[in-house]
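> Below you'll find the structure I mean.
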Amino acid sequence: MNWDRIGSILDLVLTRTLSVGLAILGCAALWWLAGLYLYLSPNLPDADTLRDVKLQTPMRVMSSDGRLIGQFGEQKRSPLTFDQIPDTFINALLAAEDDQFFEHRGVDLLGLARAVSELIATGQKRSGGSTLTMQVARNYFLSLERTFLRKFNEILLALEIERALTKAEIFELYVNRVFLGHRAYGFEAAAQTYYGKSLAELSLAQHAMLAGIPKAPSRNNPLSNPEAGKVRRDWILGRMASLGMIDVSLRDATRSQPVSAAYFGLQVEVDADYVAEMVRAEMLDRFGSGAYSDGYVVFTTVDGAAQVSARRALIDGLRTYDRRHGWRGPEQRLPPLPDETANQTSERWAVALANMPVIADLAPAVVVALDPQGADVIDKQGASHRLMWEGDLESIRRFKTENITEGRAATIEDLLTVGDLIRIDWDDQEDVWRLAQVPRAQAALVALDPQDGAIRALVGGMGFELSKFNRATQARRQPGSNFKAFLYAAALEYGITPATLINDAPIVLDNLSSDEIWRPENDSGRFYGPTRLRDALTFSRNLVSIRVLQRLGLNRFIDYVGNLGFNTEGMARNLTLALGTHAYTPLEIATGYSVIANGGFRVEPYLIERIEDASGNTLYEADPWIACKTCEEPVAETAGEPLRMEDILQTDAPPIREAPRVMDARASFLVASMLGDVIRRGTGRRARVLERDDLAGKTGTTNGPRDAWFSGFSPALVTTAWVGFDDYSLLGKREFGGTAALPIWIDFMRDALPPEQPMAPMPSGVVRLRIDRESGRRVAGTPQGSMFEYFLEEFLPGDTSDGESPIGTDELDDLF
């Protein structure tokens, strides 16, 4: 027998059988895969939806000049377009994840094979088997479960994504979506989080470090595990070199660089936490929970520079007030314990410091050593500082009551002990650290544009980290004499003139809602007799104000201030209203002063100027009331009908919403003139330090005193400052609006005011006459003791030419 022939026949049979079997298996596999595709494909999401995908992007709050105030949202993300991604980073990411990205059609068979071979050879999966497109499919559409069906869906989706989108669009989707640790989503947010810079500003080593994070974002990011992060970075640099993206010398030089990452929090450019919180609340009302994730950008009316000045002025003003009342002692006492080692004591101090926030730039510190020349302290970062006895500690007086301070300490041990938890502050002028304390008193400041009510600056307290209660908008406090401006404006409209004499004399009232008899008096405790109305406001004469309200009438006054925009609900109908006993917020008071500053128009305060979506489309734009004097001026006549200025202005500007007039322009001019005297020679004369002639304002102090106010304005800006305690404690008997609140107002206005502007011109219907200072009567010529005064043309004073004696207080009834 020919065994060779038989063997050949058997080989042929086996080969053909095997081939047929393999063909059958291949066909079966193809049929199975085709069936699987037909089964899965109807349920696959539409890849075209990725063009309109909404990334979870936090809301950003901006100042009017485009500076970041705050950010709200769980995920930190700053999406980039492909053109904004640096080439170095593109190469690093491709080397790490998918070097054939721009060549394949969504699935890289060689890449899958390479990943399998690496896994078999090293036991580790270093390069990914999934392409970037497959990862986009997984990140946007699929779960992370490890099953064959999920992987097959991923492949099918990748092929579909490649059909629907360009490579640049796919790359953008990956770069902006991937999680990279520490709440950072997308590589731009990661660059800001780990390096405090944009992706375009980073070095090759930093790009390679970021490119290595997606493999294990929570474990291998450069903060959680810098050693593992460096190993991954160096491997990526090697891959870049082997792919010809960089040369060997650059690879080696970059590998030698240490890990430079650190945690960088949100880079806020303008400290305005109270403003940011107001915006957050309003956006939540408008858009619900989507406000935190849909990428809205909110542009506020707040001026960045003015806001910075407002915060600084408020903090400095409170600290100045606080220093007048003495050192209250350390916040905590943490002396070394007898049974603990020095290291244990240091650790206990470090824990205490870590739990103490920095408040209003005042850093916490622990006293670690004392000697006759000073004290050594350590701060939250473990840095050591020196507080000197001479020139600092020796001059500190200790608090006893709001009115009394104790004498200076004889030695440093009388002031501090080891283990005291205190506050320190850096003195820029002297280049030394000084002992400080967080003031117990609080304050608020709000500044408005009087022409439309735009909020230009707002500070709701000493520090948002200390208290989130916004005193500018939520603290209803008695304004005291700050409210007299509105009483006098009403009086001027109803016939009392700036020259009217009213008696500043004792008054006893028992018609209040309580059974108590009320004996009001002036802050000085003195009475000044017959006083012209202008001087009564200038020097804040309380008894005159009460008599003015008596003559004006409670109902008339309440209706008047209600028309100005004040909420009069619950307002007590008694004469204490003359002294500002009805509580309002600083924002409400500032809004009221805007009426005087803009010539008599009611405007509404607003904070949000514009809202944009994540694509930059404007969703909302403010349309405020505008104080428009020219809009109400008749300038021509046609067929007997007067035309207004706006009727003949040929512009493309959209029509404005005219603010309603709520105060006679003439009364506004007169009361502004009187408030100007408050600064020139009255209770607000400290403001003369600003050396400007375009300012007017009014102090305010309540019983105790418990509240200190100053509200004032120029033609361009209205500002109200308030100082007081949240628990209504006494400020101290020597504290008034002019000592506690006015310095804050001055410091802010010094920086925030534009160049000096002329005050409003005298409107028609106002007459300027010379009067006698003592009687308020009109005089002829220029006799000694005379002055000019303004009057409404229908309420002119009598004259003294007939030799009659000046008007007495009993003649006030003749005006009504």
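> Out of curiosity, is A95 open to solvent by 20 Å² or more (accessible area, probe 1.4 Å), modelled with pLDDT of 80 or more and within 27 Å of L237 (Cβ to Cβ)?
no
> What is the number of the single condition among (1) within 30 Å of S467 (Cα to Cα); (2) touching a residue at least 40 places away in the same chain (Cβ under 8 Å) that V175 does not meet?
(1)
> Confirm whether P330 is part of a loop (DSSP other than H, G, I, E, B), open to solvent by less than 60 Å² (accessible area, probe 1.4 Å) and not β-branched (V, I, T).
Yes; evaluated as a whole, the condition is true for this residue.
For (1) crowded, with 24+ Cβ neighbours inside 10 Å; (2) of a type in the set (K, R); (3) not in a loop (DSSP other than H, G, I, E, B), each residue gets a yes or a no:
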site	(1), (2), (3)
M462	yes, no, no
S467	no, no, no
A472	yes, no, no
F483	yes, no, yes
A490	yes, no, yes
G495	no, no, no
A499	yes, no, no
S524	no, no, no
F527	no, no, no
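> Shifting gears a bit: Of everything in segment 286-322, what is charged (D, E, K, R), in a helix (DSSP H, G or I) and either in contact with a strand residue (DSSP E or B) (Cβ under 6 Å, 6 or more places away or on another chain) or closer than 19 Å to F469 by Cα (or both)? Give them in sequence order.
R311, R312
> A follow-up question, please. Filter segment 166-191 for residues that are assigned to a loop (DSSP other than H, G, I, E, B), touching a helix residue (DSSP H, G or I) at 6+ places or on another chain (Cβ under 8 Å) and either open to solvent by 50 Å² or more (accessible area, probe 1.4 Å) or closer than 14 Å to S78 by Cβ (or both) and give the result.
Selection gives V178, L180, H182, R183, G186.
> Just to be sure I understand, how many residues within segment 586-607 are within 25 Å of the chain's Cα centre (by Cα), open to solvent by less than 30 Å² (accessible area, probe 1.4 Å) and of a type in the set (F, W, Y)?
1
> I've got another one for you. If you scan segment 456-475, which residues turn out to be among the β-branched types (V, I, T) and touching a strand residue (DSSP E or B) at 6+ places or on another chain (Cβ under 7 Å)?
V459
> Give the number of residues within segment 449-460 that are more than 24 Å from L362 (Cβ to Cβ) and either part of a strand (DSSP E or B) or β-branched (V, I, T) (or both).
Residues in segment 449-460 being more than 24 Å from L362 (Cβ to Cβ) and either part of a strand (DSSP E or B) or β-branched (V, I, T) (or both): 3 in total.
> If S224 satisfies all but one of (1) more than 30 Å from N617 (Cα to Cα); (2) out of contact with any helix residue (DSSP H, G or I) (no Cβ under 8 Å at 6 or more places or on another chain); (3) in a helix (DSSP H, G or I); (4) not aromatic (F, W, Y), what's the number of the condition it fails?
(3)
> Report every pair of residues separated by at least 6 positions or lying on different chains whose Cβ atoms are under 7 Å apart, first residue within segment 301-316 and among the basic types (K, R), second surrounded by fewer than 24 Cβ atoms within 10 Å (Cβ to Cβ).
Correct list of pairs: R311/D271.
> Return yes when R386 is among the basic types (K, R) and crowded, with 16+ Cβ neighbours inside 10 Å and no when it is not.
Considered against the rule, which asks whether it is among the basic types (K, R) and crowded, with 16+ Cβ neighbours inside 10 Å, R386 comes out as no.
> If E103 satisfies all but one of (1) surrounded by fewer than 17 Cβ atoms within 10 Å (Cβ to Cβ); (2) at pLDDT below 85, what's the number of the condition it fails?
Going through (1) surrounded by fewer than 17 Cβ atoms within 10 Å (Cβ to Cβ); (2) at pLDDT below 85 one by one, E103 breaks only (2).
> Only residues that are open to solvent by less than 10 Å² (accessible area, probe 1.4 Å) and assigned to a loop (DSSP other than H, G, I, E, B): list them for segment 416-435, please.
Within segment 416-435, L416, G419 meet the criteria.
> Further, regarding this structure: Condition test on R219, is it basic (K, R), surrounded by fewer than 22 Cβ atoms within 10 Å (Cβ to Cβ) and outside any helix (DSSP H, G or I)?
yes
> Is it true that some residue in segment 206-215 is touching a residue at least 12 places away in the same chain (Cβ under 8 Å), open to solvent by less than 60 Å² (accessible area, probe 1.4 Å), hydrophobic (A, V, I, L, M, F, W, C) and outside any helix (DSSP H, G or I)?
Within segment 206-215 (the criterion being touching a residue at least 12 places away in the same chain (Cβ under 8 Å), open to solvent by less than 60 Å² (accessible area, probe 1.4 Å), hydrophobic (A, V, I, L, M, F, W, C) and outside any helix (DSSP H, G or I)), the answer is no, since none of the residues qualifies.
> Here's a follow-up. Do the conditions hold for L445, that is, is it touching a strand residue (DSSP E or B) at 6+ places or on another chain (Cβ under 8 Å) and open to solvent by 10 Å² or more (accessible area, probe 1.4 Å)?
When the stated conditions are applied, L445 does not pass them.
> Another one. Can you tell me which of (1) more than 16 Å from T417 (Cβ to Cβ); (2) at pLDDT below 95; (3) crowded, with 16+ Cβ neighbours inside 10 Å is the one K400 doesn't meet?
(3)
> A further question on this structure: Would segment 566-585 turn up any residue that is touching a Ser or Thr at 6+ places or on another chain (Cβ under 7 Å), open to solvent by less than 40 Å² (accessible area, probe 1.4 Å) and under 30 Å from R67 (Cβ atoms)?
Looking through segment 566-585, at least one residue is touching a Ser or Thr at 6+ places or on another chain (Cβ under 7 Å), open to solvent by less than 40 Å² (accessible area, probe 1.4 Å) and under 30 Å from R67 (Cβ atoms).
> Shifting gears a bit: Sort out which residues of segment 368-390 are over 34 Å from the mean Cα position of the chain (by Cα) and touching a residue at least 24 places away in the same chain (Cβ under 8 Å), and write them in order of number.
V368, A369, L370, D371, P372, G374, A375, M388
> When you scan segment 344-353, do you find a residue that is among the acidic types (D, E), closer than 30 Å to V268 by Cα and open to solvent by 80 Å² or more (accessible area, probe 1.4 Å), even just one?
No, the conditions are met nowhere in segment 344-353.
> Checking V368 against (1) assigned to a strand (DSSP E or B); (2) buried (at least 21 other Cβ atoms within 10 Å of the Cβ): exactly one of these is not met. Which one?
Going through the list (1) assigned to a strand (DSSP E or B); (2) buried (at least 21 other Cβ atoms within 10 Å of the Cβ), V368 breaks only (2).
> If E406 meets every condition in (1) touching a residue at least 24 places away in the same chain (Cβ under 8 Å); (2) assigned to a loop (DSSP other than H, G, I, E, B) apart from one, which number is that one?
(2)
> In segment 256-285, how many are loosely packed, with under 14 Cβ neighbours inside 10 Å and outside any loop (DSSP other than H, G, I, E, B)?
Going through segment 256-285 one residue at a time, the tally reaches 2.
> Another question about this same structure. Being among the aliphatic types (A, V, I, L, M), open to solvent by 50 Å² or more (accessible area, probe 1.4 Å), more than 24 Å from L266 (Cβ to Cβ) and free of Cβ contacts under 8 Å to residues at least 40 places away in the same chain is the requirement here; does A253 meet it?
The answer is yes for A253.
> Would you be able to say whether some residue in segment 67-83 is at pLDDT 85 or above, within 30 Å of G265 (Cα to Cα), open to solvent by 60 Å² or more (accessible area, probe 1.4 Å) and assigned to a helix (DSSP H, G or I)?
The answer is yes; a qualifying residue exists.
> Those residues that are among the small types (G, A, S) and closer than 13 Å to R666 by Cα, I need them from segment 753-794; list them, please.
A760, S764, G765
> Please state which of the following conditions L509 fails to meet, knowing it meets all the rest: (1) open to solvent by 20 Å² or more (accessible area, probe 1.4 Å); (2) over 30 Å from R280 (Cα atoms); (3) modelled with pLDDT under 95.
(1)
The values are calculated or read from the model by the stated rules, or taken from the named source; none is laboratory data. What you see is a predicted model, and the numbers here were worked out from it, not measured in a lab. We place every Cβ from the backbone using ideal geometry, glycine too, and count neighbours over all the protein chains shown. SASA here: full protein model, heavy atoms, side chains in, ligands and nucleic acids out. Shrake-Rupley method; radii C 1.70, N 1.55, O 1.52, S 1.80 Å.
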